Structures are given as C-alpha cells and as structure tokens.
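> One structure coming up, written as structure tokens, with questions to follow.
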Amino acid sequence: MAAELPEIQAFLSLHHPFSLLPEQELCTLPNKFSVRYFRRGSPFPPKEEAPALYLLRRGAVELRDEKQALLSKLAEGDLCALPCDPEEMPPVGLAVEDTLAYLLPCEELARLRAQYPSFSEYFDHSITQRLRSALDRIREDPGTGTSLLTVQVGELLTHPLVSVPPETTIREAAQRMTEARISSLLILDEGQQLLGMVTDRDLRSRCIAAGLSAQERIDRIMTKRLHCIERSELGFQALLTMTRLNVHHLPVLDGDQVVGVVSTSDLVRFQSANSVYLVGGIRKAKTLEALIASSAQLPVLQVHLVQSGATADQIGQAISAVTDAVSLRLLEMAEDILGPPPVPYAWLAGGSQARREQSAHSDQDNALLIADHSKPEEDAYFAKLAQFVNDGLKACGYPYCPGKVMASNPKWRQPLRIWRKYFNTWIKRPEPMALMLSSVFFDLRAVHDPEGMFEELQSFFLESCRANRIFIAYLVSNALKHRPPLGFFRNFVLIRGGEHDHTFDIKHRGIVPIIDLARIYALSAGLPQVNTIERLRAGARVNAVSREGAANLIDALEFIGTLRMRHQAQQLRRGEPADNYLPPEQLSQLERSHLKDAFSLIDTMQESLGQRYQAARFA
C-alpha cells in the first residue's frame, strides 16, 4: 500500500472535490484510503463491508433502482458516497468491468466535510444540482455591468401606465400621447382589462393615411391581438420577442394586471448592438449588398451576447431570428423581381434554424411547400425564387447545405401532396437515408406561410409518427450512434491526428445526442414543438420523458451549448472561423468535471431510451 500512496495523492489532486483540499491535507489523506478490487459481475458495493465512500480508480459500475432501471454509471474519477448517508437507500450496483476503487471510511469523510465547506458542498448536491450550479456560474455577466440578461422587464419601464377607455376619440388619444410624451397608448375597459394598443404608426397608417376622421373611437384603429410579457421576465426575453415579431412595443403584465409598456427605446439604454436593431436594418434593406452588410454583423452579435452572459438558448434564439429576417427579406426581393407567386407557397426552414438554435452563419437547410393546385409549368417561377433566396443566403454568409437540402433542389420543392408521400414513405420504410433526413425534415418550421399550409403537413406526419412505434425504434437506434465522447474510464475520447488533433466535436458528440433524444420524445407523442428545450418540457408534460430526465437534459444542453458558444466567441474575437472542435485544456478542471457529468447524464438517458424501445433489434 505504501508504494501506492503517491499515486493516490496524485489521483486525488486531479479530481474534484478532493482537488479543493489544501496541499497539507492531500499529503496525509492517502493513508486513510484502502484499495478494493471488483471483478466484472461483482455486486457493488459488497454488503459485507463497512460503509465507505468509493472513488473509482478504473473500471465501470452501473447503479440501478429496485426495478433494475439504470440510474447512473460510474467510471474513473466518479464517487459513490451513498453508503455514508443513512437517509439514502443503499445503492444496487454491479461492476460491468473489472474495477479498482479507493475506499475512504465514512467517519473520515464526515471529518473532511465538517472542516472544509467547499469540499462538503459537492456532497450536498446531486449531479443534476452540480450541473445547474455550474451553468449558473458560466451564465454570470463577466464584468460587463448590468445587462438585459440580469434586469427584469419591470425595471425597464420608464413611464407610468398611460391608458384610455375604448370610447375615447382618436384626437383625444393623440393628445394624451403627446402630453405624456409616449409612442404607444393602452386601451383598457372599465375593469382595467387590456383591450388593445395604439402606436404612433397606427395613427399615421390607420387614421391619417386612411382618411379616417379623428372624431372616430380609438378602438377603430387599435391592435387587438397583442403579445404581452410578464414584468418578472428578463429584458433579454423582451428583446427576443420583439425580434421575432418585428414589433417595437410590448404590454407588460403583473399577473392579470397591465402595468405598462416596454419599448425598443427602453432596451437601448442597456444594449445598443442587438438583434432587434439588426433585424430592423435587414427589413429596411433595399439591395442584396445592404443585406450582406447587416448579416456581416452576426459574429459581432454572437460575441456580444456571450460577453453579456447569454446562454446557448438565448443566443440561438437571437441569431435564428436574424436568419429568419434575412430569409423573409430575400423572399420579398424575389417576389419584387419575379412578380407575385402563381399559387400560395410556404418557405420552410429545417435543422438548427427551425429549432431556433443557430450560431453565426450556420449552413442552410430549407425547403419549399407549394399549394396542391399548382401546375407543372409554374415550377419555373418557384425554381427562380428558390435559387434567388439560396444564392442570397450564401452571399450573406450562410453556406450551401453540403447535402443539397435546399429549396433550389427540385426534390425539396414540391406540392403538399408530394410532401405527404415523402413523409409517409420515410415513416413506413425507415431506411438509412430516411433516418439521416429526419434531423432536417422532422424539425421543419414555417418562416413564410401566409396560407398556413405547413400546419396541415405537420399534423399529418406527427400523427403518423405517434402511431408507428417501429419507426420510433429505428430513430432511437440511429440516435444511439451519436454517443458522448467519454471512454470506459470516463476520459474524453479525442480526435487523433489531422487538423483537429486532440479535440472533440462538442456539437455532434455533446449537443446532437440531446437534440436527437428530444426529437424522439416529441415525435413519439405527436408533439408540434421544434425547439429542443420546448420539446423536452412538452415531453415531460405528457410523460414521454420523466420530468427529472427532461430537466437534466435541459441543464446538460445549456451547459454544453454555452461552452460551445464561448469557444466560438473566442475564435471570432481572434478573427478565426468558428468551429465545434473543443480542446479539453481550454476548460478549467472544474468545467471538465461538470462536462463529464453532463455527458454521463446524456449517456444514461440514451441507455434508458434504448432499453425502452429495444433499439438493439433495429441497429
């Protein structure tokens, strides 16, 4: 044992939370450990031994509940302290590899916890709680002062509530706005319930330009269908909502009560370079050159959002809103050149844009859905429209899809009836190509769809998926090919050789597995959500995934995704192209530990889903 003490000390110093202990403690602590070897198939921990903390030196252990459902996996560097907690049920584990463990008596663990609070904190939290705390830490604003990510909407209100009843004349309402020096006015009934809102633009376009008498009631020109926001929401959420809807005012609610209006001018005090104003420039662009200039600001936006403490979800929402705006403006330009479309159509985004999870200048994934009553000769119009938009997106920095999943490809520019046949074939005959395309076409979202055609198509394929368990099983089997980059001994599995030597692909090995899981949960339950976090939350509501499992995956996604966005921001600041290849040494020891926690959670959820659908039969 004496010969092993320096090795134990070195191992402890590299693994959290022992790495938090002072050096003097680390020098004497190895004497307190014993070494235990478990052959493959041995119960873990053995019932005949005194309770102890187990630190795995090598090997692998699975912990299961009384129903034999997989709870977690342990590998090199992992701890099992459950035997030392009298309130916890003893774990039911099995060594699935020959395993070597270091054992620390429970009384010694109690001493360390009493003496070192930072060490003790590790054992006060589950993996889920540790991951959530880690996410909170990397979300913190790194010294840039107050931001829209920390301020609540209620704090952004700069004017007291100003409102009028619906019978007020337009002239009286305009005078009220002038007196209060505001650009919007709320219309409330006698019970102070919100009926609508009028802005300066409404006065110009719906009254003056329309030749309407100023003596008419204000409710003649008010906007009735309003999007509101709670005062407790963060300012960034107001920014995202304004960006997506292309509006400049949002009524603010405190429960059911209206308390004011937040406007873009309120946001500018906190953040001048943001997607609201970038989208505004895009919508006003008269030429492709102007669009290119606006789109060139996307990397700057991503860096700015990372520096402001934005999470991956917030950044993805903002950047995808900009991509939507570029796509819509290109469609308008195309129609200005080609004339109005011969029949209605829908422009569909796929992949990360559809999920609102883009980073700056992701590849294109799009398709065109055309009304069924179109004639073959009318495809020439849509071919030109699709080519104009795809070429325009390419000029704005969005590369062509390597697999040519774009509307300019005739295969992905079809009437509704053909799209229905496509989905019917993919679901009933899940061949490898169909499974590959699922990551794009089962994540579709309509960017432009004035006739609402996509809703009919989506309802069709969702119902088909929900009713076809075999198709879902094939999806599960395919998804399990994307595993987190952890080896048997919980080390990162890295790329060896080539341009990306000694890195791992954090997107395809960390984020895509969660996207795949969320897609399966949603499709198996026929849920229409497309965004990954929204899918997980909706899946938990209908028991397609447990609430705890959904929460764990959301935390893992946000943690891994935020590390990815931070990595890309560092590259963009250096003037380098952003990629997904992360060197582990770029992370702190604590971040590496939390990343392994996240990967372990993903692996556990994959195993659970694979067992549920017996995915091995469909590999």
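> Quick check: is even one residue across region 375-393 more than 26 Å from residue 306 (Cβ to Cβ), under 27 Å from the mean Cα position of the chain (by Cα) and surrounded by fewer than 14 Cβ atoms within 10 Å (Cβ to Cβ)? Show your work before the answer.
Residues of region 375-393 that are more than 26 Å from residue 306 (Cβ to Cβ), as a first pass: 375-392.
This time we only want the ones that are under 27 Å from the mean Cα position of the chain (by Cα), so: 389-390, 392.
Filter once more, so that each one left must be surrounded by fewer than 14 Cβ atoms within 10 Å (Cβ to Cβ): none.
For region 375-393, residues more than 26 Å from residue 306 (Cβ to Cβ), under 27 Å from the mean Cα position of the chain (by Cα) and surrounded by fewer than 14 Cβ atoms within 10 Å (Cβ to Cβ): absent.
> Which ones in region 34-65 are surrounded by 17 or more Cβ atoms within 10 Å (Cβ to Cβ), in a loop (DSSP other than H, G, I, E, B) and either on the phi > 0 side of the Ramachandran plot or of a type outside the set (Gly, Ala, Ser) (or both)?
Of everything in region 34-65, those that are surrounded by 17 or more Cβ atoms within 10 Å (Cβ to Cβ), in a loop (DSSP other than H, G, I, E, B) and either on the phi > 0 side of the Ramachandran plot or of a type outside the set (Gly, Ala, Ser) (or both) turn out to be 45, 51, 59.
> Check 78, 98, 85 and return the single one that is within 33 Å of the chain's Cα centre (by Cα) and charged (D, E, K, R).
78 is the lone residue from the list that is within 33 Å of the chain's Cα centre (by Cα) and charged (D, E, K, R).
> Can you confirm whether residue 311 is assigned by TED's automatic domain parsing to the domain that holds residue 416, under 24 Å from residue 455 (Cβ atoms) and among the hydroxyl-bearing types (Ser, Thr, Tyr)?
Answer is no for this residue.
> If you don't mind, another one. Could we say that residue 403 is out of contact with any strand residue (DSSP E or B) (no Cβ under 9 Å at 6 or more places or on another chain) and at positive phi here? Break it down into steps so the answer makes sense when it comes.
Numbers: out of contact with any strand residue (DSSP E or B) (no Cβ under 9 Å at 6 or more places or on another chain): yes; at positive phi: no.
Criteria not met by residue 403.
> If you don't mind, another one. Would it be correct to say that residue 394 is basic (Lys, Arg), within 28 Å of residue 511 (Cα to Cα) and at pLDDT 95 or above?
Yes.
> Out of everything in region 204-244 that is in contact with a strand residue (DSSP E or B) (Cβ under 7 Å, 6 or more places away or on another chain) and surrounded by fewer than 12 Cβ atoms within 10 Å (Cβ to Cβ), what residue ends up being nearest to residue 159 (Cα to Cα)?
224
> Just one of the numbered conditions (1) hydrophobic (A, V, I, L, M, F, W, C); (2) within 30 Å of residue 555 (Cα to Cα); (3) without any contact (Cβ under 8 Å) to a residue 60 or more places away in the chain; (4) crowded, with 24+ Cβ neighbours inside 10 Å is not true of residue 301; which one?
Going through (1) hydrophobic (A, V, I, L, M, F, W, C); (2) within 30 Å of residue 555 (Cα to Cα); (3) without any contact (Cβ under 8 Å) to a residue 60 or more places away in the chain; (4) crowded, with 24+ Cβ neighbours inside 10 Å one by one, residue 301 breaks only (4).
> So which residues in region 488-513 are assigned to a loop (DSSP other than H, G, I, E, B), out of contact with any Phe, Trp or Tyr (no Cβ under 9 Å at 6 or more places or on another chain) and in contact (Cβ under 8 Å) with a residue 40 or more places away in the chain, if there are any at all?
Residues satisfying the conditions are 488, 489, 491, 502.
> While we're here: Filter region 534-551 down to the residues that are buried (at least 24 other Cβ atoms within 10 Å of the Cβ) and either of a type in the set (Gly, Ala, Ser) or assigned to a helix (DSSP H, G or I) (or both) and list them by number.
Residues of region 534-551 that are buried (at least 24 other Cβ atoms within 10 Å of the Cβ), as a first pass: 535-536, 539, 545.
535, 536, 539, listed by residue number.
> Of the conditions (1) at pLDDT below 90; (2) crowded, with 18+ Cβ neighbours inside 10 Å, residue 268 satisfies every one except a single condition; which number is it?
Status for residue 268: all satisfied but (2).
> Here's another thing I want to ask about it. Mind listing just one residue for me: the one in region 271-309 that is small (Gly, Ala, Ser) and under 18 Å from the mean Cα position of the chain (by Cα) and, of those, modelled with the lowest pLDDT?
275
> Suppose we filter 114, 174 for residues that are assigned to a helix (DSSP H, G or I), exposed (fewer than 13 other Cβ atoms within 10 Å of the Cβ) and modelled with pLDDT of 70 or more; which single one remains? First the steps, then the outcome.
Numbers: 174 fails: exposed (fewer than 13 other Cβ atoms within 10 Å of the Cβ).
Within the list 114, 174, the selection yields 114.
> Are any of the residues in region 245-260 farther than 30 Å from residue 322 by Cα, out of contact with any strand residue (DSSP E or B) (no Cβ under 8 Å at 6 or more places or on another chain) and in a strand (DSSP E or B)?
Yes: one or more hits.
> When residues of region 15-32 are filtered for being surrounded by fewer than 18 Cβ atoms within 10 Å (Cβ to Cβ), of a type outside the set (A, V, I, L, M) and part of a helix (DSSP H, G or I), how many remain?
8
> Also, I was wondering about something else. Might you check whether a residue that is at pLDDT 65 or above, within 24 Å of the chain's Cα centre (by Cα) and not in a loop (DSSP other than H, G, I, E, B) occurs anywhere in region 155-163?
So in region 155-163, the residues at pLDDT 65 or above come out as 155-163.
From the residues that got through so far, the ones that are within 24 Å of the chain's Cα centre (by Cα) too are none.
For region 155-163, residues at pLDDT 65 or above, within 24 Å of the chain's Cα centre (by Cα) and not in a loop (DSSP other than H, G, I, E, B): absent.
> To continue, here is another question. Kindly indicate the residue of region 569-619 that is in a loop (DSSP other than H, G, I, E, B) and closer than 22 Å to residue 493 by Cα and also modelled with the lowest pLDDT among those meeting that condition.
588
Conditions (1) among the charged types (D, E, K, R); (2) free of Cβ contacts under 8 Å to residues at least 40 places away in the same chain; (3) in the same structural domain as residue 577 (by TED's automatic domain parsing); (4) in contact with a Gly (Cβ under 6 Å, 6 or more places away or on another chain), marked per residue:
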site	(1), (2), (3), (4)
295	no, no, no, yes
326	no, no, no, no
333	no, no, no, no
336	yes, yes, no, no
350	no, no, no, no
353	no, no, no, no
357	yes, no, no, yes
365	yes, no, no, yes
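> I need every pair where a residue in region 521-549 that is in contact (Cβ under 8 Å) with a residue 12 or more places away in the chain and assigned by TED's automatic domain parsing to the domain that holds residue 607 has its Cβ under 6 Å from the Cβ of a residue that is part of a loop (DSSP other than H, G, I, E, B) and of a type in the set (Asp, Glu), sequence separation at least 6 or different chains.
Filtered contacts from region 521-549: 530/443.
> Then there is this: If the requirement is being among the aromatic types (Phe, Trp, Tyr), crowded, with 17+ Cβ neighbours inside 10 Å and within 20 Å of the chain's Cα centre (by Cα), which of these qualifies: 423, 442, 471, 454? Steps first, answer last, please.
Numbers: 423 fails: within 20 Å of the chain's Cα centre (by Cα); 471 fails: within 20 Å of the chain's Cα centre (by Cα); 454 fails: within 20 Å of the chain's Cα centre (by Cα).
The unique qualifying residue is 442.
> Consider residue 167 against the criteria (1) free of Cβ contacts under 8 Å to residues at least 24 places away in the same chain; (2) more than 40 Å from the chain's Cα centre (by Cα): it satisfies all of them except one. Which criterion is unmet?
(1)
Matching residues to (1) at pLDDT 95 or above; (2) of a type in the set (A, V, I, L, M); (3) under 27 Å from residue 330 (Cα atoms):
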| position | (1), (2), (3) |
| --- | --- |
| 421 | yes, no, no |
| 426 | no, no, no |
| 429 | no, no, no |
| 433 | no, yes, no |
| 446 | yes, yes, yes |
| 452 | no, no, yes |
| 459 | yes, no, no |
| 468 | no, no, no |
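The values are calculated or read from the model by the stated rules, or taken from the named source; none is laboratory data. Just so we're clear, the structure is a prediction, and the values are computed from it rather than from any experiment. As a convention, Cβ positions derive from the backbone with ideal geometry for all residues, glycine included, and neighbour counts pool all protein chains shown.
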